[in-house]
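A short worksheet on the structure shown next.
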Ligand code: FE2
């Protein structure tokens, strides 16, 4: 493993240095049902809607919110358009990881100069609640990044959407706060090129890299590098498969997703124990962790605020680095294809990505792969 701690503030200011997450859009087969699923299980509230009733005739989009998290679920109404093609090829998956910027035109110009392919040139969208400026570039696979400049826009989400508040009050409420990082899986030998893409296009630097010696079990392996903005707000780890005795979990993803795409979205919480209890009660399924993981946990991570038995009962993982520690757990895939999943993470000072947990995590993923007959 190699770690580079970019010092915040040392980088020159660019249109892409003061950025944050805006929203993540999923293309799904049935957005109406998916919207209800994410509300009932993960505790989101619906805040906005766009579809035929609002003058949009090819699609329906539901906007869900929880604290600083915003997800958009979109389905095709026609079956012969790009949304339907995306779902046919990839199954339900992430189409757009949208980034909040102060200057969309500047961000887009910098990205295109850095080699990004433009999907949508900067355009102003306006309604009676204000204006936004958006532009879109392509990244790995069929995944996009839309730049969103909000300029104090006061509408429910974006022009074209109407407020549509709905909350299913029956579910237990987790404390999901914001996106921590968003991980992409790319093909064999493509990780370095996509790391360079985020360096040239976004001005990011490499925070950490892991090679197959760090991330392998007896059977499967992968390589990973984490690209980050200088403020460590927006972090994009990139994985590629590596050779092991059996099929890498990244390869399994690439087979089922039919190419590169978003593997997992890590969501921050300030109370992982209460959050996991609420999510389990709502029916969210998590990866199991072998009991032996907890035998020497205290020796590995030292003193922590949480009771280890409480973490053990919930199968929450812990990892420490020189700045603190973090707690994390991974859901099972969120759709039938073993592709996108969530990570729930609570950071207590640590900037780490859970290197100390990779082994336990992969043993658990391999058990699931074995059940699917894809190991
Ligand atoms: Fe992660």
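In segment 72-115, the residue that is nearest to the chain's Cα centre (by Cα) out of those that are more than 22 Å from residue 147 (Cβ to Cβ) and part of a helix (DSSP H, G or I) is 90. Out of curiosity, is residue 84 crowded, with 19+ Cβ neighbours inside 10 Å and farther than 22 Å from residue 69 by Cα? Judged against the criteria, residue 84 is not a match. Starting from residues that are within 11 Å of the ligand (Cβ to nearest atom) and farther than 16 Å from residue 294 by Cα, keep the ones in segment 341-354 and report whichever is farthest from the chain's Cα centre (by Cα). Checked segment 341-354; the qualifying residue farthest from the chain's Cα centre (by Cα) is 352.
Filtering 248, 209, 172 for residues that are under 30 Å from residue 12 (Cα atoms) and either at pLDDT below 90 or outside the structural domain of residue 120 (by TED's automatic domain parsing) (or both) leaves a single hit, 209.
Restrict the check to segment 141-148 and report whether at least one residue is in contact with a strand residue (DSSP E or B) (Cβ under 8 Å, 6 or more places away or on another chain), farther than 30 Å from residue 249 by Cβ and not assigned by TED's automatic domain parsing to the domain that holds residue 207.
So the first thing to find is which residues in segment 141-148 are in contact with a strand residue (DSSP E or B) (Cβ under 8 Å, 6 or more places away or on another chain), and the list is 141-148.
Narrowing further to those that are farther than 30 Å from residue 249 by Cβ: 147-148.
Going one step further and asking which of them are not assigned by TED's automatic domain parsing to the domain that holds residue 207, we end up with 147-148.
Yes, that holds for at least one residue.
One residue stands out among those in segment 141-179 that are within 16 Å of the ligand (Cβ to nearest atom) and farther than 26 Å from residue 112 by Cα: the one that is surrounded by the most Cβ atoms within 10 Å (Cβ to Cβ), which is 176.
Is it the case that segment 20-39 has a residue that's in contact with a helix residue (DSSP H, G or I) (Cβ under 6 Å, 6 or more places away or on another chain), modelled with pLDDT under 95 and part of a loop (DSSP other than H, G, I, E, B)? There is no residue in segment 20-39 that is in contact with a helix residue (DSSP H, G or I) (Cβ under 6 Å, 6 or more places away or on another chain), modelled with pLDDT under 95 and part of a loop (DSSP other than H, G, I, E, B). Quick one: is residue 69 in contact (Cβ under 8 Å) with a residue 60 or more places away in the chain, within 20 Å of residue 134 (Cα to Cα) and within 19 Å of the chain's Cα centre (by Cα)? Yes, satisfied.
Between 305, 309, 255, the distinction of being in a loop (DSSP other than H, G, I, E, B), away from the ligand (no atom under 16 Å from the Cβ) and surrounded by fewer than 19 Cβ atoms within 10 Å (Cβ to Cβ) belongs to 305 only.
Suppose we filter segment 327-340 for residues that are more than 10 Å from the ligand (Cβ to nearest atom) and not in a loop (DSSP other than H, G, I, E, B); how many remain?
At the first step, the residues of segment 327-340 found to be more than 10 Å from the ligand (Cβ to nearest atom) are 327, 329, 331-340.
Checking the rest, the ones that are also not in a loop (DSSP other than H, G, I, E, B) come to 327, 329, 331.
Residues meeting the conditions: 3.
Of the candidates 101, 97, the single residue that is modelled with pLDDT of 95 or more, surrounded by 14 or more Cβ atoms within 10 Å (Cβ to Cβ) and more than 22 Å from residue 339 (Cα to Cα) is 101.
The values are calculated or read from the model by the stated rules, or taken from the named source; none is laboratory data. Model, not experiment: these values are computed from the prediction. Note that each Cβ is placed from the backbone with ideal geometry, even for glycine, and that neighbours are counted across all protein chains shown.
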